[in-house]
Structures are given as C-alpha cells and as structure tokens.
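Participant: Let me give you the structure first, and then I'll get to my questions.
The values are calculated or read from the model by the stated rules, or taken from the named source; none is laboratory data. Small disclaimer: the values here were computed from a predicted structure and weren't measured. Heads up, the Cβs are rebuilt from the backbone with ideal geometry, glycines too, and the neighbour counts pull from every protein chain shown.
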Amino acid sequence: MEHTNKSDVLRQGVIVFIFLAVLTALEFFVAVEIGSTVLLAMIAFVKVGLVFYYYMHIYRLNVQDEDLDRHSYQYKLGTSRIGLWLFLLSDAFIFGGLFVSRFNLLGLGPLPLSSDSQFTALTITSVLLLSSFFMNRAEVSMEHGDRKGFIFGISLTILLGLVFLAGVITVEWPSAINAGVTPSSNAAGAVFFIMTGMHAFHVLTGVIFLSIVLRNGLRGLYSPEKHWAVESATTYWHFVDVVWLFFYPALYLIGKLI
Amino acid sequence: MRHYVIAGVLVIVLAVATYAGLMAIHLMPVEASAQSIPIDHLWNIEIAIISFLFALIMVPLIYSLIVFRRRKGDTSDGEHIEGNNTLEITWTVIPLIVVLILAYIGTYTLGDVLAVDPNALEINVTARQWAWSFTYPEGFTAKELHLLVNQPVVLDMQSVDVIHSFWVPQFRIKQDVLPGRITTERITPILIGNYTVTCAQLCGTGHTYMTAPVIVSTQADYDTWIQAQVAAATVAAQTPIGRGQQLVAQNGCASCHSIDGSSTGIAPTWKGLYQSQVKLSGGTNVAPGTVVIANEAYLIESIVNPSAKIVNGFQDNVMPKSFGTTLTQSQISDIVAYIETLK
Amino acid sequence: MKKFFTSALMRGLFWQLIGWIVGALFVTGVRVLMGLNPFVTGQYFFTEPAWVFGGLVGAISYVASTGAMTDWFKWAKGEEVPEHREDPPGWEKYLNVSLDHKVIGVQYTVTALFLLCVGGLFALIFRTELAHSGLQFLTLQEYNTFMSLHGIVMIVGILLGVAGLMNYLVPMLIGAQDMAFPRLNAFSYWVAPPAAVLLLSTLLFGGFDTGWTGYPPLSERAPLGMQMFFLGVAVAGWASILGGLNLLASVLRMRAKGMTPFRMPIFVWAAIATSLISTTATQLIGLSFQMVMFQRLFGMGFFDSEKGGNPILFQHLFWFYSHPAVYVFVLPGLGIISELMPVFARKPLFGYRFVAMSSLGIALVGFLVWAHHMFVSGMNPYLRIPFMFSTLLVAVPTGVKFFSWVSTLWKGKIEAPTPMLFVIGGVVVFLLGGLSGPPNATVATDLHLQNTYWIVGHFHDTMFGGYIFPFFAAIYYWFPKVTGRRMNEALGKIHFWLMMPSFLTLTLLMMRVGLLGMRRRVADYDPALGFDNYHLIMTIAAYLIAISILIFLYNLIVSVTHGEVATGNVWNSRSPEWQVPSPMPVHNYDQPFEVIGEPYDYGLPGSVYIKFEDKKSKGH
Ligand code: HEA
Ligand code: HEA
Ligand code: CUA
Ligand SMILES: [Cu+2]
C-alpha cells in the first residue's frame, strides 16, 4: 500500500472529480456549439485517463514484487489484480463491439431521441460521476482504516447506482419509446436499447457486488491491509463508469445538438 | 556439404515435378469469361510458388528422416546447433518479399477483373429462396440467363430474402447477393456453350438446388431467343391466367411448389390443389388436424398470410410472408386464377 | 456405478434439465400475466423466449449444482474457505469438481475427445449421404443440420482440447503448483458440459441449417434449434475467455525462479499467444450471436435491412473472433510440434527466439485479417486490398516455424516412435493446408475459390495438421505422465499409418472437386459434374479415418489399466515434468526448482535445464 497522507488523497480525489465534472460540461458544450466528434473522443479519452490513473490505480499493476514469498497475501494480491484487469480488458471487447455496431449502423449521425432525453442523460451521467467519487472515498477510507467513511461512501455509491438504474429504466427508456425509438422500431432503436441495456446490466452486477462488500464490511471482514474485495469492487465500478464515458457521447452528443 | 547439394537438387526436381503434374491434370474448369484469364494467370503463379515451397519443406524433411535417422545402438545426441540468425532473417525477409509481390500482383489482377466497360448490357438478377430470375433490358423476366458471346454484361443483383451468391464456375467470379442492397458482377463471356449458375452461399433447405441455366450464344441465336420471349410475354399479359403464370415465374413460387404433382420436399404441390381437402397441422388460429377446402379465399389467405394455416407435413416460416405487400390485389387474383387451372 | 450417477457430471445433467423446464415455465407464466399467448401450437409446446430463457437457466443450474461455484458463494457470505482442497483418491475425482489443474486438464481432454467423436460421427453420416449424387437417406434439412453441427461440435471440441493441453501442461512446464486461480479454472471447465448439451439439443429443436457461421438473415428464419446453437456457443465461449485469462495470469506470475521469458519451454509461448486471442476476441462471437438472438426474440433490427440494419455487420463481428479463433486451434498444436521435435531429433530447437516470436506474430497479425472471409460479401470493394496484404503477411511467421522445424531435424539423430510420427504427419498436413491459404487470400482467385470444397480442403488440412495430429502426438507423449503407463506402440503406429494416407486422400480430393466447381454445404450434386467417384473415395477415406480413431480409442482405454508400466523419463526429455516420477505428484514438484540453463540444449554435454532446490526450503 502507498503510505500517503489521508488528507492528500482526499484532496486529490476532489480535484479529479472537479476535473471530470468540468470535462463533462465541456463535452456538452462541444456537442451544442461545435458538434465535433473528434473533440468528443479526445475529451472522453482524457477522462478515461484520469479515471484509470487516480480512481482505478492502474499503476499498481506495475509493482515489483518478484522477491516476495509466492504464498504471501501481497504476492497473491498482485496476481489477482492482473486477473481483474484481464477480465476488464475482455469485457471491454463486448462494449467495443457495440460501439462499432453503433457507428456501422448509424454513421456519425445522432440518434432520433427526444430533447427530454438530453436532460435525463446529463442527469444520470452526473449521478454516475458522483458515485465514482464516493466509491473512491470509500476505498481511500478503507485503506486508512476509517471504517465509518468506508461504510458511508459505499452506501452512497450503491444508492447512486440504483438512482442511475432507475433513471435509465423508468425515465429514459419510456421517454425513448414515446419518441418512437423502441427495440423493434429500427436499427437506431436496437442500438440504443442494447447499448443502454448492456451497460445497465453491468451497473446492476456492480451494485450487487458492492452490496456484498458492504455487508461483509459491516461485519468487519476487511482491514486496511487486507481488502482485496473492496479494491476489486471499486475497480469494477469505475470500469463500468469508464464505459459510460464513451457511451454517453456516442448515444447522446454526436451530431450537432439543437 | 554433400547433404546440401543432394537436397538442393531434389528440391528442384520435386518442385518441377509437382508443378508439371498439377498443370497436367487441369485444376480449373474451362475459361469461359474474359475475367477468368487474369484470374487463372494469378492462379498459375500461385501454383508455382506452392510447388516450390512444398518441395522446399518436404525434401529436407524426408531427407532428414531417412539420412539422419538414429542408427541401432547409437545413443548419442545430435549436433548442438542452437540456430543461426542470418538464416532466420533470410527466411523471414525472402517470404516477406514474395508475399508483398504476390499481393501486388493480386491487386492489379483484381483491377483487371473489376474493370468497368461502359458498353456493358445491364441485366437485373433477383435471387430468392431458392430460385434465380433475370430481368432483361427488353423488360421481360426469365428463369434462364442468356448472354451474348463477347458482349460485356453487368449484373445488378438483389435478394428478396436471405443472402445468396452468384457463381458460374467457368466464369470464375462469385458475388454475394444481399437483401436490401444491390451488388454487381461484371462478366464478358468468351466461349459459346451451356453453363449453370449456382448459389454458392448457404441459403437454407433448397440451397442445393438453387441453380439456373446460363446460355452463351451467338448474336443470331441470342436475338431469336429475345424476340421469342418478348412475343410470349406480350401474349401472356393479356389473360389473367397468363399474367398469373408470369407472376409465378417472377416471384419464384415454382422453386418450392411444383405444378406437376412431383414433390420438392419443401412445399405442397399445386397440382389438384384447388377445391381439394387440405389437412392442417396448425396455424395462427386453427387447431391441429383441421381439414379445410382449398377454395379461392383459402388460396388468397395462404399467399397473403402463410402462417394462418399450415399444411400438414410442412413447416411454418418457410414461405415468405411478404407477398401480401409486394403483390397487388389484382396480381394475387391472377395467380389464384392460374393455380385454379392446375388440375 | 453409484458413484458415477451421483457424480457432479450426472448431477449437473439432472439439474440442467430441471432448470430448463423451470426457466421455460417462468417465462410462460410471465406471458400469461402479460396476456400473451403462453404456448404455441405445433411442435415445441413452449414459446421461443421460454425455451431460450430455460436454456440459460439450465446451463447455470448445471454449473451451480456441480459445486464449482460453492466457494464463491461462501466468500460472498463471508465464510472462510480452505486454500487447497485435496481430491479423494480414485477415478471419481475426474467426474467431480477438482481444483487440480492436472485433473481439469484430463477432464477437458476427455470431453474434447468425446465431442470430436460425436462430430466425426456426424461427418460420417453426411459423408455417407454424399457418397453418391442424389438424395439417399437424409432430407435437405437433416443434411444441413448434421453438416452445421459437425462444424461447430468439432470446433468446440478443439477449443476444449486446446484448454486441456494448456491446463495440463503449462503449470507443470513453468514449475508452478497450479494455475493462478484454481477455482476459476474449475468453473471454466464446468461450463463446457452444459454448453455441449445445448449444442446437441439443437437436434431436438428442428436443427439449424445455417452452417457453423450462422449468418443472418438466414439464421433469423431457421428453426428453434438455431437459438440453442447460439446459446451453446456463447456459453462455451466463457470457458475459453476465463481459461485464457487464467493462463495469462499464471504465466505472468507463477514461473519458477530463473525462468526468464526466453527460457520457458516453447509451448508456453504458444499458450500465451493463444490466450491473448481467446480472452479478448471470444467476446465478439458471443456478442454477435447475442444480437441475432435478440433480433429473433425482440425484433431488434441489427441485421435486418428492412429496419435499416446491415447483415454484413454480423459478418464483421463474427469473423473478428472466428478468424483469430483458427489460430487458437493451431498455435497450441504448432507449440506441441516445436516442443516435441527437439526431443526426438535430439537437437536444440532451431532459432528458439524466432519460433517464440512467430507465435506472437501470428496471433497479432491474425487480429487484422478477418475480412478475408468476406471478399465476395458485398462489403466495400476497396477494403479487400488491405485485408489481402495483411492476410498474406501471416504466411511469414508461419514460414519461420516451418523452416525452423526442418532445420531442427537436419543433422539430428531422429527417432520416430508414435508421438514423433504424429508430429511429422502434422507438419506435412499443415504444410498442405497452409500453402492452400495464399490463393484464398489473393482476392481475385478467392472469387473462384470462396465457398467451394477447395476451402473445405484448406481448413481440414490446417485444422487436422495444425491441431488434431499434434493433439494425438501429445496424448501419446504425455500419457505416461498422466497414468504411469505407456500406450501400445504397435497400435499407435497402425493408427498413424491408417489415418495419414486416408486423410491426405480425403482432403486432396476435396480440393480437387472444389476447384472444378463443387460448392460447400450441399446435400446433392449434379451427376453431370462427374464427381461421383471422387465423393465415393472421400467417403471411404472418412470411414478409414474413423476406424483408425477407433483403434486409438481402444488403445487409450486399455492402456490406462494394462499399458506397460513407465514411471521414468520415457522419452529422455529435458523438460521439467519428466525429471520427477510419473504419474505426476498431486502438487507437481515437492521441491521448487530453479532454471539454470537453456530448455533444449540436447547434444551439449553436461548442460542442465533445471535444478531442484534443497529439501529443506520446501514451499507451502
Ligand atoms: C487452423 C486453422 C486455419 C489456419 C491455420 C488457416 C491459415 C490460413 N488461412 Fe484459412 N481457414 C480456416 C482455418 C485456417 N486457416 C477455416 C476454418 C476457414 C473456413 C471458415 C468457413 O468459412 O467455414 C478458412 C478460410 C480461409 C479463407 C476464406 C476463404 C473463403 O471462404 O473465401 C482465407 C482467405 O484468405 C484463408 C486464408 C488463410 C491463410 C492465408 C492462412 C495462413 O495462415 C497460412 C500460412 C501458412 C503457409 C503459407 C505455409 C507455410 C509457409 C511457408 C512455407 C513460408 C513461405 C510462404 C509464402 C511465401 C507464401 N482461410
Ligand atoms: C477440427 C475440425 C474438424 C475435423 C476434425 C473434421 C473432420 C472431418 N470432416 Fe469436417 N468440417 C469442419 C471441421 C472439422 N471436420 C468444419 C468447421 C466444417 C464447416 C461446417 C460448415 O460449413 O458450417 C466442416 C465441413 C466438412 C465437410 C463439408 C460439408 C459441406 O460443406 O457440405 C465435409 C465433407 O466431406 C467434412 C468431412 C469431414 C470428415 C470426413 C472428417 C473426418 O476426419 C472425421 C473423422 C472422425 C471420426 C469419423 C470420428 C471417429 C470416431 C468414431 C467413429 C467413434 C464413434 C464415437 C462415439 C459413438 C462416441 N467436414
Ligand atoms: Cu441461394 Cu444458396
Ligand atoms: Cu480466416
């Protein structure tokens, strides 16, 4: 574990969160004023870079631990991290395939969604962003032995995850259907529902995973030294967030708005 | 050193023998289109490369197995040779160059094959499960493809259902035929004769039999045929039964339904259908085992909505469901009139 | 017998059936509540969504009931689970969930052999039909079903066989006690049997007539069996994905001391290249099949041109996996060839580094060539050129392997017991298959070759030469390691000398008729083409192959209990697993070893590859 000061890490989390929020606003602005897909892609990549580094700690993959005992917790932790990232890589191919399908079928044009959708989408995007922030808080708290902070952060994350799901399923889908975009209407409808559906499914699994971690956390099963379950749930949650960083512009922002 | 010389000679002998042997047995069908000539040229280059590489690997392999086999009682190991970087780089770079040259030849051969001729005759091809139909510039539709020797044609092809593929082996070129989009194939027949167009993409049960005759003929024969077709089409268009027969040809019904009582195994025959008793295995709203009389209303329903009543012994979802929209009311009644004549 | 019926394998089958019905009933119930038609009149009683959902629930029930997930459930509940779990002695461990990579490897291999036999049996059925023009005893629909099932069952069989080899060998070769994630490993295996059941169940649901490629729109109209095919492949895909992930993590983290990348046994490189493909690309076949499933279930118009969809998109997604997949079949096979050849030539592997890198090269370039299956599909015509270049590039690293093999043999002291025969046979057959690749890759000639028996010949040669022959070689070679006994040499030689010529006859004739105009995937052909005799010979050859395989099976089964005892270093190999007695101890190496030399230094007096550490520093 890194032995950084807790308040430094807190400050870092807040700064990253602010950056992400500003970039999201910028993205919306680009979509409205410039309508450049290239710019949108660049912003998305910057956001992903921030999340990978500060929230998902990708650099931890590169720890030199050859000398450790193969049976120690530390060494196995490194192995588990590699396994998890490989899984995420594999999962990314599904989303990549969906992404390609979207562009193959609909080109660079926007989806025929109603303008209500823009508002809903921005809202749920912010909700997801906020949840990532609190997830990061929870993990940092766990690393520093702050059990209360951990419970608080993770509970809030689960709550925000549920809000996100509710937003997609009870607000966004019906409004799309009202605008005539149904799963069976046309290719655009099919793409919209499979992309949001697959992502929502991942959010759902993430919420379940977090709930298990929360329950075990409440029973005191994790310690600052041993909390791989917390770390993996966190990483997975941020990954689902990363997917949305691409899906949001691909579904809502491409093609000049207004 | 001796080993290398012997093996080298054997490689050359085997390569030449393989190439000569393969050429002698005529690997490809006759060349019947202008496009087949560059294709076969490329093919021959490939056969030469393959023969050489085959010999290059096989000879040292077999030679080693024989000459360097372990003798009885010998328990020693082979020579300790770990590798040779120069050799490795050689056999990386030389094949790389060969492959790049091959791809380059491939590129311009493709250019030759696809070359556009502005004087090409345009024929529309419709593929469906499981029949071909050809619409000529003169406006009639036939189930045979007649071509004029040395006259370039461009086939504008479309499918009404699944993916098919147009292939005449003697013409070499193959092109998939897709629903909802037009693909083209350009050929210039150069050899008079009768060929067969086959469907080369699996398209369901009847794929095996999805063939149609292709006839390449002289100007005189070609003109005679075209005129006869035009005349017959004009006559037929005057009666409902004649129009019905034409529609049946155009819509490929006969690829599934026979009109002479023979069995296609795909769909019931139309011979004696009218006013007969039909036993049903089910349908959207009928119980299995119901028996109905094949009156006019039944025939129309069967065309417009094939799932409504499924004939016993046949499958639902085989007959296209689109005829209700692609055919007009009067066209359907023409078809029904035609079916009624098939006693 | 009782132990057999209560084993995880049989328990799973039972629960799969129950889960299937419960799932179907659930959907039917939901349909009733929604006021939809709960049942369909006609053959299948339940509706399509009910069957599909049931199939999924059934597959999950299978895995859950075997106990492969029990430890995870315990973890989730916060209970302690022991790090290791010993298997009870006896044969039952092979039918139950085991965490030992060697047991799992054997489980995979046996399942693979079973599927290869089933797929081969399907081939015999439709080959018999093809022996003569005209329809003999199959309907068109039955022909297509058997042909399609032959393709996919064989492919899944190979995938499991690949997993079997990698699972059994890699931890041993790198000096590890097990894979990095033993529970995940067991899970990966146990999703395979329900997937096989799903695939074979297509026979009960009207079959499917699209070939193993399942192109829409045809697959949209195919009978219900189509959905079971999609589901089966998607489920089997998870075995590949998770298995590959596990393997990569194991090789990255569990190598013995001193085993630097270029001191690993060469098969490990092949396994890495393979796993890179299978962990990533496999997702796309799952996705493409899922999209067609959804199109059938919910009318989502991905590939429906009437709804603005694009049937060619499916082909891109499908081949993005299915082309690299052929290298998943072949890389481990080529790895086996490279691994065994030095042992029997008694010479170092020629150009180790180049052979290792060529595996990676093939895998990486293999990601960029998928559209060579679509040269006539109607995709953008100019795209064909870059794909021609990339496809031809694969010939270069493959060539490096061939040249290195030949140079390994040159000036060796070659022995040719059964495993070596299969290695040589594999090289020859794969050479024919490989050399028939470039003509397909140059677009202009492919316009003629596409979808003919030439292609069928090409891929049987590549898959048989690149996988089936080396697979047999591996089985003959490592059988003593598994059982402590040898397989019968004489029978092994008969197996080889019967299979090799029959197989060459089969595929060379396939290529011959293909060039002359024989299409793929047809149940009947025009007698005027004059192919009757060729086809008759091919069918006879297929039966001879079948007989040779029956001999092999007999040899395999009998040798388990009656083979000549062989507990030592049978092949006089330098590889670590042969430095300890056979059968392999439960935890592989009682003392860890350290790598102090090169793996293939045959003919260098006094050189050693590994050195065992002292007894006292024994691990775990
Ligand atoms: C293990 C399986 C395997 C392997 C290894 C390969 C290897 C190759 N394949 Fe094959 N292929 C299949 C399995 C395989 N294939 C299958 C299953 C299909 C059909 C799928 C279906 O439709 O159902 C198929 C179809 C297929 C097609 C599509 C045909 C069509 O449908 O129109 C093409 C087209 O380019 C192709 C090309 C190649 C090439 C260039 C290689 C190369 O990798 C070969 C490289 C090897 C060599 C070339 C030989 C050795 C090299 C040298 C001696 C060096 C020097 C060589 C030169 C300079 C040329 N293959
Ligand atoms: C690894 C893969 C693999 C293997 C090993 C084989 C092996 C064989 N294949 Fe297969 N084949 C494919 C993969 C494979 N095939 C694929 C992917 C297709 C394409 C499908 C498609 O188009 O979609 C295909 C298609 C295909 C065709 C073309 C069909 C068509 O287009 O219409 C033909 C035709 O001859 C054929 C023949 C054979 C034969 C005779 C064998 C023989 O070598 C088989 C020998 C093995 C046996 C005969 C088994 C022996 C065992 C027993 C007899 C014991 C009995 C066991 C029990 C009772 C449990 N295959
Ligand atoms: Cu049409 Cu095959
Ligand atoms: Cu390929």
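Participant: Pairs, please: C-beta under 8 Å, at least 6 apart or cross-chain, first residue outside the structural domain of B:Val318 (by TED's automatic domain parsing) and in segment B:277-297, second surrounded by 11 or more Cβ atoms within 10 Å (Cβ to Cβ) and at pLDDT below 80?
Facilitator: No pair meets every condition.
Participant: Please state which one of C:His316, C:His323 is within 12 Å of ligand 4 (Cβ to nearest atom) and surrounded by fewer than 24 Cβ atoms within 10 Å (Cβ to Cβ).
Facilitator: C:His323
Participant: Taking C:Ser377 as the residue in question, decide whether it is among the small types (Gly, Ala, Ser), surrounded by fewer than 24 Cβ atoms within 10 Å (Cβ to Cβ) and modelled with pLDDT under 95.
Facilitator: Answer is yes for this residue.
Participant: May I ask you to verify whether C:Phe387 is within 13 Å of chain B (Cβ to nearest Cβ), touching a helix residue (DSSP H, G or I) at 6+ places or on another chain (Cβ under 7 Å) and at pLDDT 90 or above?
Facilitator: Considered against the rule, which asks whether it is within 13 Å of chain B (Cβ to nearest Cβ), touching a helix residue (DSSP H, G or I) at 6+ places or on another chain (Cβ under 7 Å) and at pLDDT 90 or above, C:Phe387 comes out as yes.
Participant: Among the residues of segment B:169-185, count how many are basic (Lys, Arg) and within 16 Å of ligand 1 (Cβ to nearest atom).
Facilitator: 2
Participant: Just one of C:Leu383, C:Leu364, C:Leu317 is assigned by TED's automatic domain parsing to the domain that holds C:Gly214, touching a Gly at 6+ places or on another chain (Cβ under 8 Å) and either of a type outside the set (Ser, Thr, Tyr) or in a loop (DSSP other than H, G, I, E, B) (or both); which is it?
Facilitator: After ruling out the rest, the residue left standing is C:Leu317.
Participant: Same structure, new question: Residues being part of a helix (DSSP H, G or I) and within 14 Å of another protein chain (Cβ to nearest Cβ): count how many of those fall in segment A:208-240.
Facilitator: Qualifying residue count, segment A:208-240: 16.
Participant: Moving to a separate point now. May I ask you to list the residues in segment B:75-120 that are assigned to a helix (DSSP H, G or I) and in contact (Cβ under 8 Å) with a residue 12 or more places away in the chain?
Facilitator: B:Val98, B:Leu102, B:Ile105, B:Gly106, B:Thr109, B:Asp112, B:Val113, B:Leu114
Participant: Got a sec? Which helices (runs of 4 or more DSSP H) wholly within segment C:171-258 have at least 3 residues that are over 29 Å from A:Gln74 (Cβ atoms)?
Facilitator: Once the helices (runs of 4 or more DSSP H) in segment C:171-258 are filtered for at least 3 residues that are over 29 Å from A:Gln74 (Cβ atoms), what remains is C:192-201, C:218-221, C:225-253.
Participant: Sort out which residues of segment B:182-239 are outside any loop (DSSP other than H, G, I, E, B), more than 14 Å from the chain's Cα centre (by Cα) and closer than 19 Å to B:Glu31 by Cβ, and write them in order of number.
Facilitator: Residues satisfying the conditions are B:Arg186, B:Ile187, B:Pro189, B:Gly193, B:Asn194, B:Ile215, B:Val216, B:Ser217.
Participant: Looking only at segment B:13-38, how many residues end up being under 23 Å from C:Leu392 (Cβ atoms) and in contact with a Leu (Cβ under 7 Å, 6 or more places away or on another chain)?
Facilitator: Number satisfying all stated conditions: 2.
Participant: Quick one: what pairs do we get from segment C:456-479, first residue more than 14 Å from chain B (Cβ to nearest Cβ) and under 17 Å from C:Val328 (Cβ atoms), second of a type in the set (Phe, Trp, Tyr) and within 16 Å of ligand 3 (Cβ to nearest atom), C-beta under 9 Å, 6+ apart or different chains?
Facilitator: none
Participant: Give just the number: which of (1) away from ligand 2 (no atom under 15 Å from the Cβ); (2) within 7 Å of another protein chain (Cβ to nearest Cβ); (3) among the hydrophobic types (A, V, I, L, M, F, W, C) does B:Leu191 not satisfy?
Facilitator: (2)
Participant: I would also like to ask the following. What number goes with the only condition from (1) of a type outside the set (D, E, K, R); (2) assigned to a loop (DSSP other than H, G, I, E, B); (3) at pLDDT 85 or above; (4) under 30 Å from B:Gly83 (Cα atoms) that C:Trp578 does not pass?
Facilitator: In the conditions (1) of a type outside the set (D, E, K, R); (2) assigned to a loop (DSSP other than H, G, I, E, B); (3) at pLDDT 85 or above; (4) under 30 Å from B:Gly83 (Cα atoms), C:Trp578 misses (2) alone.
Participant: Same structure again: Looking only at segment C:292-349, how many residues end up being more than 14 Å from chain B (Cβ to nearest Cβ) and more than 24 Å from C:Met154 (Cα to Cα)?
Facilitator: 6
Participant: Filter segment C:343-377 down to the residues that are of a type in the set (A, V, I, L, M), touching a Phe, Trp or Tyr at 6+ places or on another chain (Cβ under 6 Å) and closer than 15 Å to C:Gly399 by Cβ and list them by number.
Facilitator: C:Ile362
Participant: Where residues in segment B:110-124 are acidic (Asp, Glu) and within 18 Å of B:Ser36 (Cβ to Cβ), which of them is surrounded by the fewest Cβ atoms within 10 Å (Cβ to Cβ)?
Facilitator: Ranking the qualifying residues of segment B:110-124, first place goes to B:Asp117.
Participant: Can you name the residue in segment C:438-455 that is more than 7 Å from every other protein chain (Cβ to nearest Cβ) and among the polar types (S, T, N, Q) and is also surrounded by the most Cβ atoms within 10 Å (Cβ to Cβ) among such residues?
Facilitator: Per the criteria, the residue is C:Thr452.
Participant: For segment B:186-211, which residues satisfy the criterion of being of a type outside the set (A, V, I, L, M, F, W, C), within 16 Å of ligand 1 (Cβ to nearest atom) and without any contact (Cβ under 8 Å) to a residue 40 or more places away in the chain?
Facilitator: Of everything in segment B:186-211, those that are of a type outside the set (A, V, I, L, M, F, W, C), within 16 Å of ligand 1 (Cβ to nearest atom) and without any contact (Cβ under 8 Å) to a residue 40 or more places away in the chain turn out to be B:Thr198, B:Gln201.
Participant: Taking the criterion of being surrounded by fewer than 22 Cβ atoms within 10 Å (Cβ to Cβ) and either within 16 Å of ligand 4 (Cβ to nearest atom) or part of a loop (DSSP other than H, G, I, E, B) (or both), would at least one residue in segment C:343-350 satisfy it?
Facilitator: Among the residues of segment C:343-350, not one is surrounded by fewer than 22 Cβ atoms within 10 Å (Cβ to Cβ) and either within 16 Å of ligand 4 (Cβ to nearest atom) or part of a loop (DSSP other than H, G, I, E, B) (or both), which makes the answer no.
Participant: Considering B:Val177, B:Val197, B:Val235, which residue is over 30 Å from C:Ser148 (Cβ atoms) and either surrounded by fewer than 16 Cβ atoms within 10 Å (Cβ to Cβ) or not basic (Lys, Arg) (or both)?
Facilitator: Being over 30 Å from C:Ser148 (Cβ atoms) and either surrounded by fewer than 16 Cβ atoms within 10 Å (Cβ to Cβ) or not basic (Lys, Arg) (or both) holds for just one of B:Val177, B:Val197, B:Val235, which is B:Val235.
Participant: Which condition does C:Ala249 not pass, out of (1) over 30 Å from C:Ser573 (Cβ atoms); (2) touching a helix residue (DSSP H, G or I) at 6+ places or on another chain (Cβ under 6 Å); (3) at pLDDT 90 or above, if it passes all the others?
Facilitator: (1)
Participant: Give the residue that is farthest from the chain's Cα centre (by Cα), with candidates limited to residues of segment A:97-110 that are at the interface with chain C (Cβ under 8 Å from one of its Cβ atoms) and of a type in the set (Gly, Ala, Ser).
Facilitator: Step by step, filter segment A:97-110, then rank; the result is A:Ser101.
Participant: When you look at C:Gly412, is it out of contact with any Gly (no Cβ under 6 Å at 6 or more places or on another chain), farther than 21 Å from C:Trp269 by Cβ, in a loop (DSSP other than H, G, I, E, B) and more than 16 Å from ligand 2 (Cβ to nearest atom), yes or no?
Facilitator: When the stated conditions are applied, C:Gly412 does not pass them.
Participant: Now for a separate question. Out of B:Leu110, B:Leu114, which single residue is within 30 Å of C:Thr210 (Cβ to Cβ), away from ligand 2 (no atom under 16 Å from the Cβ), facing another protein chain (nearest Cβ under 9 Å) and in contact with a strand residue (DSSP E or B) (Cβ under 9 Å, 6 or more places away or on another chain)?
Facilitator: Exactly one residue qualifies, and that residue is B:Leu114.
Participant: Could you tell me which numbered condition C:Asp524 fails, if it satisfies all but one of (1) within 14 Å of another protein chain (Cβ to nearest Cβ); (2) of a type outside the set (Phe, Trp, Tyr); (3) surrounded by 19 or more Cβ atoms within 10 Å (Cβ to Cβ); (4) not in a helix (DSSP H, G or I)?
Facilitator: All conditions pass for C:Asp524, except number (3).
Participant: Considering only segment C:272-304, state which residues are away from ligand 4 (no atom under 16 Å from the Cβ), in contact (Cβ under 8 Å) with a residue 40 or more places away in the chain and polar (S, T, N, Q).
Facilitator: C:Ser275, C:Gln283, C:Gln290, C:Gln295
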